[in-house]
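Trainee: The structure is given below, and queries will be raised subsequently.
The values are calculated or read from the model by the stated rules, or taken from the named source; none is laboratory data. Here the structure is a predicted model, which is why all the values come from computation and not from measurement. Here the Cβ positions follow ideal geometry from the backbone for every residue, glycine too, while neighbour counts run over all protein chains shown.
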Amino acid sequence: MPGMSDYTGAVTVGGGADVRELTHLTITKVAVDPEMSNNAYLLRCRHTGDQLLVDAAAEPDTLREVVGDGGLATIVTTHQHWDHHRALADLAGETGAEVAAGEPDADAVSEQTGVQVTRRLNHGDTVAVGDCTLEVIALAGHTPGSVALLYDDTASGGHPHLFTGDSLFPGGVGGTFGDAAAFAQLIDEVEHKVFDRLPDDTWFYPGHGADSTLGAERGDLPAWRERGY
């Protein structure tokens, strides 16, 4: 049954991809770059074959292999930090994909990569993957324009899937580099836009490392807020 697979999200650099088959969408997770161990996610509509890449982080050859012959309709960069877009110029140039990023980060992404961001994302926007729809959730704090992408599979008997970039990880929100105001902003946004809205069985996919569910993390929110990171 789609969605009921051996997917764990536990990937290592050089160790191949992990694939999750949902009713309408296939999610492929791969880790790239031994130093930073970034995650990249290829989303493929099972009806149309259209594909979207979340974070062309590094290792163009690895990402080309994951993309295969299906091409790319869209590349979403979750935020402006250098380690999340090192393969953007290669992949966008080869595929002609629409390049999307959060509005406040878009200019920085273009300046750092030399790639024009052709779609500027704001909270509540939607991004199509063939017949499937992703909702943009803006989560400022780690960077001003960080975005998460929500795919809600509940209508097909599944659960929500959330691609969080570096805004939410197992064990805490993303780093805010000692900026107390940025931390307060990020944890408020994550709590109100993610935890207050979405159910415990929401599976989230971060920009580095292992996946988790909101239910596994929800009880620790007060501790995160108390420790300040």
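Trainee: For the stretch 149-165, check the following and say yes or no: at least one residue is free of Cβ contacts under 8 Å to residues at least 60 places away in the same chain, closer than 16 Å to His208 by Cβ, outside any strand (DSSP E or B) and not charged (D, E, K, R).
Mentor: no
Trainee: Yes or no: Ala108 of a type in the set (Gly, Ala, Ser), out of contact with any His (no Cβ under 8 Å at 6 or more places or on another chain), within 24 Å of Asp153 (Cβ to Cβ) and surrounded by fewer than 22 Cβ atoms within 10 Å (Cβ to Cβ)?
Mentor: When the stated conditions are applied, Ala108 does not pass them.
Trainee: Can you say whether Gly207 is under 28 Å from Thr23 (Cα atoms) and surrounded by 22 or more Cβ atoms within 10 Å (Cβ to Cβ), as far as the supplied structure shows? Please lay out each step first, then the result.
Mentor: Numbers: under 28 Å from Thr23 (Cα atoms): yes; surrounded by 22 or more Cβ atoms within 10 Å (Cβ to Cβ): yes.
It is true that Gly207 is under 28 Å from Thr23 (Cα atoms) and surrounded by 22 or more Cβ atoms within 10 Å (Cβ to Cβ).
Trainee: Okay, next question. Looking only at the stretch 167-194, count every residue that is assigned to a helix (DSSP H, G or I) and surrounded by fewer than 16 Cβ atoms within 10 Å (Cβ to Cβ) and tell me the total. Full working, then the answer.
Mentor: Narrowing the stretch 167-194 to residues assigned to a helix (DSSP H, G or I): 180-194.
Pick out the ones that are also surrounded by fewer than 16 Cβ atoms within 10 Å (Cβ to Cβ) and you get 180-181, 184, 188, 192.
Residues that pass the stated criteria total 5.
Trainee: On to the next question. Can you name the number of the only condition in (1) closer than 28 Å to Tyr7 by Cβ; (2) touching a residue at least 40 places away in the same chain (Cβ under 8 Å); (3) in contact with a His (Cβ under 8 Å, 6 or more places away or on another chain) that Gly174 fails?
Mentor: Single failed check for Gly174: (2).
Trainee: Pick out the one residue from Ala184, Ala210, Ala148 that is of a type in the set (A, V, I, L, M, F, W, C) and farther than 22 Å from Ala40 by Cβ.
Mentor: Ala184
Trainee: Quick check, is Met36 modelled with pLDDT of 95 or more and over 15 Å from the mean Cα position of the chain (by Cα)?
Mentor: yes
Trainee: Select from the stretch 207-229 the residues that are within 26 Å of Asn38 (Cβ to Cβ), part of a helix (DSSP H, G or I) and hydrophobic (A, V, I, L, M, F, W, C) and list them in ascending order.
Mentor: Answer for the stretch 207-229, where residues must be within 26 Å of Asn38 (Cβ to Cβ), part of a helix (DSSP H, G or I) and hydrophobic (A, V, I, L, M, F, W, C): Leu214, Ala216, Leu221, Trp224.
Trainee: If I ask for residues that are over 17 Å from Ala31 (Cβ atoms) and under 13 Å from the mean Cα position of the chain (by Cα), which ones from the stretch 81-100 would you list?
Mentor: The one that is over 17 Å from Ala31 (Cβ atoms) and under 13 Å from the mean Cα position of the chain (by Cα): Ala100.
Trainee: Hey, among Asp200, Asp188, Asp166, which residue is more than 19 Å from Ala140 (Cβ to Cβ) and either in contact with a Cys (Cβ under 9 Å, 6 or more places away or on another chain) or at pLDDT 95 or above (or both)?
Mentor: On inspection, the qualifying residue turns out to be Asp200.
Trainee: Right, another one. Any residue in the stretch 185-212 that's touching a residue at least 24 places away in the same chain (Cβ under 8 Å) and more than 11 Å from Leu162 (Cα to Cα): show its pairings with residues that are part of a helix (DSSP H, G or I) and of a type in the set (Phe, Trp, Tyr) at Cβ separation under 8 Å, as long as the two are six or more apart or on different chains.
Mentor: What qualifies is Ile187/Trp224.
Trainee: Count, please, the residues in the stretch 110-144 that happen to be charged (D, E, K, R) and touching a helix residue (DSSP H, G or I) at 6+ places or on another chain (Cβ under 9 Å).
Mentor: Matching residues across the stretch 110-144 total 2.
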